[in-house]
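Asks: Attaching a single structure in structure tokens format; questions to follow.
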Amino acid sequence: MAARVKTVVKVKGQTLCVERANIDTDQIIPARFLTGISKTGLGQYLFLGMPGGPEMLAAHPDANVIVARENFGCGSSREHAVWALTDRGFKAVIAPSFGRIFEENAYANGLIPIALDGEGLEAALKSRTIEIDVEGQKLTTEDGKTYGFELDPLRKRFILEGGFMEWMATKIDAVRAWEAARPTV
Amino acid sequence: MSKSLLDKVWDAHVVEDLPGENALLFIDRVIAHEITTPQGAIDIQERFGDKLYDPDRIIAMNDHVSPAKDQETAIQAQVLRTWAKRHGIKLYDIGDNGICHVMVPERGYVEPGLTMACGDSHTCTLGAFGALALGIGTTLQAGAMLAQCLILQKPKVMRIDIEGKLGHGATAKDVILYVISKISFKGGTGYVLEYHGPVVDAMSMDERMTLCNMAIEAGATSGMCEPDETTIGYLRGREAQPTGEAFEKKIAYWRSLKADPGASYDKVVKIDVSGLRPMVTWGTNPGEVVPADGTVPADANATSLEYMGLQPGTSLRSLELDQAFIGSCTNSRLSDLRIAADVLRGRKVTIPTIVTPGSQAVKRAAEREGLHDVFQDAGALWTHSSCGPCLGMSMGVVAPGLRCVSSTNRNFPGRMGNGGRVHLASPAVVAASAVLGRIGSPEDLEAAAPREKVTA
Ligand code: SF4
């Protein structure tokens, strides 16, 4: 388990548009499903805490990109929310803003958190398909219009190349040296 | 340069500057609980030779579902246990455990100026001590156990000055609910909330923890209070703190962490709590809140209304309740239990009521004061410590459509049980409501049902 995150460069996606703000991680996966010790197999619980969530998912069986309103993934730190999304085949979430912890978790697992608002978001919310170019940081909606988006340059690397933990491991010696030189209080 | 409290803590922990305005930030202590730690611990074992940067910098506890409720949660607890034992990590387990955000301060593991991280969003509670305390996911926590660091962009700082004289019956919980209603449920996103002002200065550490606990409920990265004599007094003599000269030496450093006069902030907010009354949430996020004697707002969000089974204009006092819960990392410390007991003394609850102390140490302290008798005489269930129904996992999960008044921190759909409806309030309001069977403050209770004569 817990192998390197798979490389994601381009996503040709079908969307699941959720016209809601503040979809918290309790709605994405309720705590009663957090009883395991594995990162896999959580897709079956996705959106079971969201009123109307299961029906919405059933109506879009092939969706792999979520489009939602602001503050997606707020609340609990449970990374299970991201694992449930990726297990279910989702590659990206598009929303005007994210809960901080969810966004960090997404990057660490290769789920692309795309912050988009205004015209781009409205177009994405209406789009049944979407094309995402991670490297070029742009997406194209169904009507052929293209919108750019920002990605954190360091964390983008974890999406493109995976290996967040490997990267951290390369820092251990430097951290030890820093700690040894740290003034004691 | 004048520095904020956050500046001071941050600057003392930057190991390296990284691309994208990120920093590699040293984390002094990692807290590990059974729900979010196993996957990361297993990953380190399988792919990184089971090597932790420094097991002495980790504190572990079984807290969310402890004792385990079933086979799965028993396995989670066992994984944490064997992992902690293998590495010589300090573990708090059945019999001497408690909710991580209650235990870590109570045992003195948090102190001013430290950086702390835990796979739990309410880690922000610990900011009450002037530490930078961060809730993170499992993978980042594993990274912090492997290399003792997080990759972080420095958060912005919102200085929140809280002033004025609280109205009758208002507590720290009412203050933070009010703050969230003012800055909004997502208004803190990207910020650390630095709480200042006379109201905060006058608060006990328990109250400051309640204030910081719900910083995440405004979307904030964390909350922080300046260390002062209250902080020092709280920490003196705690289990993880040194004694004698070693402790005195720390104090000098802690005192230096106060925000400098003239420090610059990304945002400054003044909150006047004069006359603030007890607050209760009506909706499905903690910012959807009104005074306990208020009504559901006219412009209430339709999705929230539908989930909560409410109409605009409905008076909260008219709502019949099915359950009451006093507990959680927000409000389950000894002072919270005292307040609840004061309301319940000589009275009877009329709905199923559960009182769950924040740690076994809190439980024992409460029992030494006879609080367990007060709760049980009132007809409430007095349990061992755990997170319990706060996250809808065990010990009093709320059934679909039922209404629970709760001293916890989240009223999200399904939070305390699928379809369950949660109204957040202070322990005093929960206790009063448990007697009334509907939402009400201790004042309402006094008016409606004067207490029986208390003998003894
Ligand atoms: S008491 Fe509730 S909010 Fe606090 S740590 Fe436990 S589950 Fe989380």
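Asks: Sort out which residues of region A:140-160 are in contact (Cβ under 8 Å) with a residue 40 or more places away in the chain and touching a Ser or Thr at 6+ places or on another chain (Cβ under 7 Å), and write them in order of number.
Replies: A:160
Asks: Further question on the same structure: How many residues are in contact with a helix residue (DSSP H, G or I) (Cβ under 6 Å, 6 or more places away or on another chain), surrounded by fewer than 24 Cβ atoms within 10 Å (Cβ to Cβ) and among the small types (Gly, Ala, Ser) if we restrict to region B:148-195?
Replies: 2
Asks: Within region B:404-419, how many residues turn out to be more than 14 Å from the ligand (Cβ to nearest atom) and closer than 20 Å to residue A:54 by Cβ?
Replies: The first filter runs over region B:404-419 and keeps only residues more than 14 Å from the ligand (Cβ to nearest atom), leaving B:405, B:413, B:418-419.
In the following step, the residues that additionally are closer than 20 Å to residue A:54 by Cβ were identified as B:413, B:418-419.
Looking only at that region, the number is 3.
Rundown of residues vs (1) buried (at least 22 other Cβ atoms within 10 Å of the Cβ); (2) under 21 Å from residue A:62 (Cα atoms), yes/no style:
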| position | (1), (2) |
| --- | --- |
| A:75 | yes, no |
| A:81 | yes, yes |
| A:87 | no, yes |
| A:115 | no, no |
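Asks: Filter region B:12-25 for residues that are within 7 Å of chain A (Cβ to nearest Cβ) and under 12 Å from residue A:178 (Cβ atoms); which is least open to solvent (accessible area, probe 1.4 Å)?
Replies: Applying the first criterion (within 7 Å of chain A (Cβ to nearest Cβ)) to region B:12-25 yields B:15-16, B:18-20, B:22, B:24.
With the extra rule that they be under 12 Å from residue A:178 (Cβ atoms), the set shrinks to B:15-16, B:24.
On the way: B:15: 27, B:16: 54, B:24: 1 Å².
Among those residues, the one meeting the criterion is B:24.
Asks: Take the conditions away from chain A (no Cβ under 14 Å) and either open to solvent by 20 Å² or more (accessible area, probe 1.4 Å) or not polar (S, T, N, Q) (or both) and apply them to residue B:391. Does it pass?
Replies: Judged against the criteria, residue B:391 is not a match.
Asks: Right, next: Identify all residues within region B:130-156 that are under 20 Å from the mean Cα position of the chain (by Cα) and not in a helix (DSSP H, G or I); write none if there are none.
Replies: The initial filter retains those residues of region B:130-156 that are under 20 Å from the mean Cα position of the chain (by Cα), namely B:130-138, B:141.
Within region B:130-156, B:130, B:131, B:132, B:133, B:134, B:135, B:136, B:137 meet the criteria.
Asks: Scan region B:415-443 residue by residue and report those that are open to solvent by 10 Å² or more (accessible area, probe 1.4 Å) and either in contact with a Leu (Cβ under 7 Å, 6 or more places away or on another chain) or within 14 Å of chain A (Cβ to nearest Cβ) (or both).
Replies: The answer is B:415, B:418, B:419, B:421, B:435, B:436, B:437, B:438.
Asks: Assuming residue B:216 fulfils every condition listed in (1) within 14 Å of chain A (Cβ to nearest Cβ); (2) in a strand (DSSP E or B) apart from one, which condition is it?
Replies: Exception for residue B:216: condition (2).
Asks: Just one of (1) free of Cβ contacts under 8 Å to residues at least 24 places away in the same chain; (2) within 14 Å of chain B (Cβ to nearest Cβ); (3) of a type in the set (S, T, N, Q) trips up residue A:77, so point out which.
Replies: (1)
Asks: From the list B:153, B:76, exactly one residue is within 30 Å of residue B:258 (Cβ to Cβ) and within 9 Å of chain A (Cβ to nearest Cβ). Which is it? It would help to see each step written out before you state the result.
Replies: Numbers: B:76 fails: within 30 Å of residue B:258 (Cβ to Cβ).
Checking each option against the conditions leaves just B:153.
Asks: Can you find a residue in region A:35-45 that is within 16 Å of the ligand (Cβ to nearest atom) and surrounded by fewer than 24 Cβ atoms within 10 Å (Cβ to Cβ)? Give the steps one after another, and end with the answer.
Replies: Pass one, region A:35-45, residues within 16 Å of the ligand (Cβ to nearest atom): A:35.
The next check asks that each one be surrounded by fewer than 24 Cβ atoms within 10 Å (Cβ to Cβ); those that pass are A:35.
Yes, that holds for at least one residue.
Asks: While we're looking at this one, here's another question. Go through B:340, B:366 for me and flag whichever is part of a helix (DSSP H, G or I), surrounded by 18 or more Cβ atoms within 10 Å (Cβ to Cβ) and either without any contact (Cβ under 8 Å) to a residue 40 or more places away in the chain or among the basic types (Lys, Arg) (or both). Don't jump to the end; show me each part of the working.
Replies: Numbers: B:340 fails: either without any contact (Cβ under 8 Å) to a residue 40 or more places away in the chain or among the basic types (Lys, Arg) (or both).
Result: B:366 is the single residue among B:340, B:366 that is part of a helix (DSSP H, G or I), surrounded by 18 or more Cβ atoms within 10 Å (Cβ to Cβ) and either without any contact (Cβ under 8 Å) to a residue 40 or more places away in the chain or among the basic types (Lys, Arg) (or both).
Conditions tested, residue by residue: (1) under 21 Å from residue B:201 (Cα atoms); (2) of a type outside the set (S, T, N, Q).
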| residue | (1), (2) |
| --- | --- |
| B:262 | yes, yes |
| B:270 | yes, yes |
| B:278 | yes, yes |
| B:309 | no, yes |
| B:318 | no, no |
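Okay, residues lined up against (1) free of Cβ contacts under 8 Å to residues at least 60 places away in the same chain; (2) assigned to a helix (DSSP H, G or I):
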| position | (1), (2) |
| --- | --- |
| B:9 | no, yes |
| B:20 | no, no |
| B:66 | no, no |
| B:85 | yes, yes |
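Asks: Looking at region A:30-57 only, could you name the residues that are within 16 Å of residue A:72 (Cβ to Cβ) and either more than 10 Å from every other protein chain (Cβ to nearest Cβ) or of a type in the set (Phe, Trp, Tyr) (or both)?
Replies: Within region A:30-57, A:46, A:47, A:56, A:57 meet the criteria.
Asks: Something else about it: Looking at B:332, B:304, B:315, which one is open to solvent by less than 20 Å² (accessible area, probe 1.4 Å), away from the ligand (no atom under 16 Å from the Cβ) and among the hydroxyl-bearing types (Ser, Thr, Tyr)?
Replies: Values: B:332 fails: away from the ligand (no atom under 16 Å from the Cβ); B:315 fails: open to solvent by less than 20 Å² (accessible area, probe 1.4 Å).
Being open to solvent by less than 20 Å² (accessible area, probe 1.4 Å), away from the ligand (no atom under 16 Å from the Cβ) and among the hydroxyl-bearing types (Ser, Thr, Tyr) holds for just one of B:332, B:304, B:315, which is B:304.
Asks: Among the residues of region B:260-296, which ones are open to solvent by 20 Å² or more (accessible area, probe 1.4 Å), out of contact with any Phe, Trp or Tyr (no Cβ under 8 Å at 6 or more places or on another chain), not in a strand (DSSP E or B) and not basic (Lys, Arg)?
Replies: Matches in region B:260-296: B:260, B:261, B:262, B:264, B:265, B:275, B:293.
Asks: Still on this model: So which residues in region B:35-64 are open to solvent by 10 Å² or more (accessible area, probe 1.4 Å), part of a loop (DSSP other than H, G, I, E, B) and more than 9 Å from every other protein chain (Cβ to nearest Cβ)?
Replies: B:49, B:50, B:52
Asks: May I pose another question? For region B:369-403, give me the residue count where each residue is within 16 Å of the ligand (Cβ to nearest atom), assigned to a loop (DSSP other than H, G, I, E, B) and of a type in the set (A, V, I, L, M, F, W, C). Walk me through how you get there before you give the answer.
Replies: If we filter region B:369-403 for residues that are within 16 Å of the ligand (Cβ to nearest atom), which is where we start, we get B:383-398.
Retained after the next criterion (residues that are assigned to a loop (DSSP other than H, G, I, E, B)): B:383-387, B:392-398.
This time we only want the ones that are of a type in the set (A, V, I, L, M, F, W, C), so: B:387, B:393, B:395, B:397-398.
So the count comes out to 5.
Asks: For region B:369-386, state whether one or more residues are more than 14 Å from every other protein chain (Cβ to nearest Cβ), open to solvent by less than 30 Å² (accessible area, probe 1.4 Å) and within 24 Å of residue B:127 (Cβ to Cβ).
Replies: There is at least one residue in region B:369-386 that is more than 14 Å from every other protein chain (Cβ to nearest Cβ), open to solvent by less than 30 Å² (accessible area, probe 1.4 Å) and within 24 Å of residue B:127 (Cβ to Cβ).
Asks: Okay, next question. Find the residue count for region B:92-142, including only residues that are open to solvent by 10 Å² or more (accessible area, probe 1.4 Å), within 15 Å of the ligand (Cβ to nearest atom) and away from chain A (no Cβ under 14 Å).
Replies: Number satisfying all stated conditions: 1.
Asks: Go through (1) open to solvent by 40 Å² or more (accessible area, probe 1.4 Å); (2) out of contact with any strand residue (DSSP E or B) (no Cβ under 7 Å at 6 or more places or on another chain); (3) in a helix (DSSP H, G or I) for residue B:79 and report which single condition fails.
Replies: For residue B:79, the failing item is (1).
Asks: Taking region A:29-74, which residues are touching a His at 6+ places or on another chain (Cβ under 9 Å) and free of Cβ contacts under 8 Å to residues at least 24 places away in the same chain? Walk me through it before giving the result.
Replies: Within region A:29-74, the first condition is being touching a His at 6+ places or on another chain (Cβ under 9 Å), and the residues that meet it are A:29, A:31, A:33-34, A:36, A:39, A:42, A:45.
Passing the criteria: only A:36.
Asks: Kindly check whether there is at least one residue in region B:235-257 that is more than 13 Å from every other protein chain (Cβ to nearest Cβ), more than 25 Å from the chain's Cα centre (by Cα) and either under 19 Å from residue B:194 (Cβ atoms) or buried (at least 16 other Cβ atoms within 10 Å of the Cβ) (or both).
Replies: No, region B:235-257 contains no residue that is more than 13 Å from every other protein chain (Cβ to nearest Cβ), more than 25 Å from the chain's Cα centre (by Cα) and either under 19 Å from residue B:194 (Cβ atoms) or buried (at least 16 other Cβ atoms within 10 Å of the Cβ) (or both).
The values are calculated or read from the model by the stated rules, or taken from the named source; none is laboratory data. What you see is a predicted model; the values in this text were computed from it and never measured. With ideal geometry, Cβ positions are generated from the backbone for all residues, glycine too; neighbour counts draw on all protein chains shown. In case anyone asks, the SASA skips ligands and DNA or RNA and just uses the protein heavy atoms, side chains included. Shrake-Rupley method; radii C 1.70, N 1.55, O 1.52, S 1.80 Å.
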